[in-house]
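J.: Next up is a structure, given as structure tokens.
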Amino acid sequence: MLKTLIKTAAVAALIGPVAGAAFAADDYPSRNIEMMFPWGPGSAFAMAQIITNAMGDELGTNISVVSTPGAAGVKSFNTALEKPADGYTLIDGWVAPLVLQPLAGNTEFTHTDFTPLWSATRVPFAVVVRKDDERFPDYDAFIQYLKDNPGKARYSSGSIGNIPHMVLAKMMQTEGVYARNIPYPQDGDAFKDLRGGLLDFSFNDPITFQSNKDAFKTLVAFTNEKDVAAAYDENTPTLDDLGLDIGLTGLAPSGWNWFLVHKDTPEEIVATLNTAMEAALNRPEVQERLKAAGFLPTMYPPERYEEIVGPIGDQIAAAKDAITWEAEQLAK
């Protein structure tokens with residue numbers, strides 16, 4: 001009798017966790033879900049709330065977006081990874097902490113250490129100048145000016161070493177020109193100085209451009225897609241329009257995010273989240289609100305994650321090298 005009891009207890013101990021996981025998956029979600037967000041509150045935070053509110057509606061629960069800034073966005077990822085892989089912690093996977101920080105050796109994770117849901121949004125970057133600046137009627141004239149005045153032009157990518165800086169430096173390296181990047185603690189200050197003539201050109205994003213459309217014009221949007229460039233205006237040329245290949249394709253020359261979960265999250269729960277996210281992103285009102293805030297829905301399915309995100313690391317590494325090249329040219 002004792003042997004039977006021992007054997008029964010042993011079997012129960014073995015199957016208990018499996019049965020518990022299956023029950024948890026069947027019952028999911030039975031409580032509120034959290035989304036770890038890597039920055040402080042702002043427009044990107046509001047974008048995350050638009051999507052998670054719609055997802056929560058689909059799931060019949062609340063998804064709260066938790067601002068967890070620190071270590072260039074890495075803190076939010078580490079915080080999420082410390083929590084159980086039970087589907088109750090999502091990660092807003094912005095490119096800087098997901099790809100750029102691992103590339104810099106600042107994380108113990110890479111993009112392969114997560115299970116992807118759907119991609120969320122992108123923020124395409126562009127080069128803008130003052131609308132009344134007669135030196136720059138178009139992109140070709142702009143590049144010719146930089147060739148004629150090496151290192152004399154002043155621009156801003158916001159901060160030094162960020163993704164807009166990499167993209168602009170790679171463009172200039174491709175064209176064999178260079179300029180001086182002036183960092184600003186707030187992007188708005190840079191755009192104010194561009195208006196005032198203290199800067200010659202700057203990076204921009206669609207929502208900022210729309211609010212400065214009276215003063216700015218675009219020379220190129222860093223995309224090959226006309227509908228993405230149209231987020232600025234219908235006259236904004238793409239890389240393809242200019243016959244320009246800067247070695248950055250797809251999402252690489254933009255800001256973007258992809259929703260993620262811990263890689264050990266049960267497949268049934270991942271499937272439930274994916275169904276909810278797809279439905280949320282397909283809601284017309286969600287897409288309209290995202291676009292109005294300057295975030296373009298990307299809506300790549302999870303099975304395309306590695307195909308799209310995988311090559312971005314190598315492309316960004318080449319763009320980082322362009323920043324080094326820029327500094328070398330300025331030091332001559």
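J.: From the set of residues in the stretch 223-242 that are polar (S, T, N, Q) and touching a residue at least 24 places away in the same chain (Cβ under 8 Å), which is surrounded by the fewest Cβ atoms within 10 Å (Cβ to Cβ)?
T.: The selected residue is N224.
J.: In contact with a strand residue (DSSP E or B) (Cβ under 9 Å, 6 or more places away or on another chain), in the same structural domain as W258 (by TED's automatic domain parsing) and surrounded by 20 or more Cβ atoms within 10 Å (Cβ to Cβ), is that true of L81?
T.: No.
J.: Scan (1) surrounded by 16 or more Cβ atoms within 10 Å (Cβ to Cβ); (2) among the polar types (S, T, N, Q); (3) closer than 21 Å to T236 by Cβ for the single condition N162 breaks and write down its number.
T.: Result: N162 fails condition (3) only.
J.: Now, a different point. Just checking, does the stretch 178-189 include any residue being within 20 Å of the chain's Cα centre (by Cα) and charged (D, E, K, R)?
T.: Yes: the stretch 178-189 contains one or more residues that are within 20 Å of the chain's Cα centre (by Cα) and charged (D, E, K, R).
J.: If you go through the stretch 125-138, how many residues are more than 13 Å from D200 (Cα to Cα) and surrounded by 15 or more Cβ atoms within 10 Å (Cβ to Cβ)?
T.: Matching residues across the stretch 125-138 total 2.
J.: Given the condition outside the structural domain of A96 (by TED's automatic domain parsing), hydroxyl-bearing (S, T, Y), under 18 Å from R122 (Cα atoms) and over 15 Å from the mean Cα position of the chain (by Cα), answer yes or no: does some residue in the stretch 219-226 qualify?
T.: Checked against the condition, which is being outside the structural domain of A96 (by TED's automatic domain parsing), hydroxyl-bearing (S, T, Y), under 18 Å from R122 (Cα atoms) and over 15 Å from the mean Cα position of the chain (by Cα), the stretch 219-226 yields no hits at all.
J.: Something else: Condition check: aromatic (F, W, Y) and in a loop (DSSP other than H, G, I, E, B). Does F77 satisfy that?
T.: Answer is no for this residue.
J.: Among what's in the stretch 26-51 and is free of Cβ contacts under 8 Å to residues at least 40 places away in the same chain and within 15 Å of T121 (Cβ to Cβ), pick the residue that is surrounded by the fewest Cβ atoms within 10 Å (Cβ to Cβ).
T.: Residue satisfying both the conditions and the ranking: G42.
J.: A follow-up question, please. Collect the residues in the stretch 189-222 that are touching a helix residue (DSSP H, G or I) at 6+ places or on another chain (Cβ under 8 Å) and either of a type in the set (S, T, N, Q) or without any contact (Cβ under 8 Å) to a residue 60 or more places away in the chain (or both), keeping them in residue-number order.
T.: Matches in the stretch 189-222: F191, L199, S202, N204, T208, N212, T218.
J.: Same structure, new question: Looking only at residues in the stretch 290-305 that are assigned to a helix (DSSP H, G or I) and under 21 Å from T275 (Cβ atoms), which one is farthest from the chain's Cα centre (by Cα)?
T.: Residue satisfying both the conditions and the ranking: E303.
J.: Something else about it: Output the number of the condition that I182 fails; it satisfies all remaining conditions of (1) closer than 17 Å to A319 by Cβ; (2) of a type outside the set (F, W, Y); (3) in contact with a helix residue (DSSP H, G or I) (Cβ under 8 Å, 6 or more places away or on another chain).
T.: (1)
J.: Could you say whether any residue in the stretch 42-54 is modelled with pLDDT under 95, outside any helix (DSSP H, G or I), within 25 Å of A293 (Cβ to Cβ) and not hydroxyl-bearing (S, T, Y)?
T.: The answer is yes, given that some residue of the stretch 42-54 is modelled with pLDDT under 95, outside any helix (DSSP H, G or I), within 25 Å of A293 (Cβ to Cβ) and not hydroxyl-bearing (S, T, Y).
J.: Considering only the stretch 87-108, state which residues are touching a Pro at 6+ places or on another chain (Cβ under 8 Å) and part of a loop (DSSP other than H, G, I, E, B).
T.: Result: G87, Y88, T107.
J.: Would you call K170 basic (K, R), outside the structural domain of I50 (by TED's automatic domain parsing), modelled with pLDDT of 95 or more and surrounded by 22 or more Cβ atoms within 10 Å (Cβ to Cβ)?
T.: For K170, the condition - basic (K, R), outside the structural domain of I50 (by TED's automatic domain parsing), modelled with pLDDT of 95 or more and surrounded by 22 or more Cβ atoms within 10 Å (Cβ to Cβ) - is met.
The values are calculated or read from the model by the stated rules, or taken from the named source; none is laboratory data. Computed from a predicted model, the values in this text were never measured in an experiment. Backbone-built Cβ (ideal geometry, glycine too); neighbour counts: all protein chains shown.
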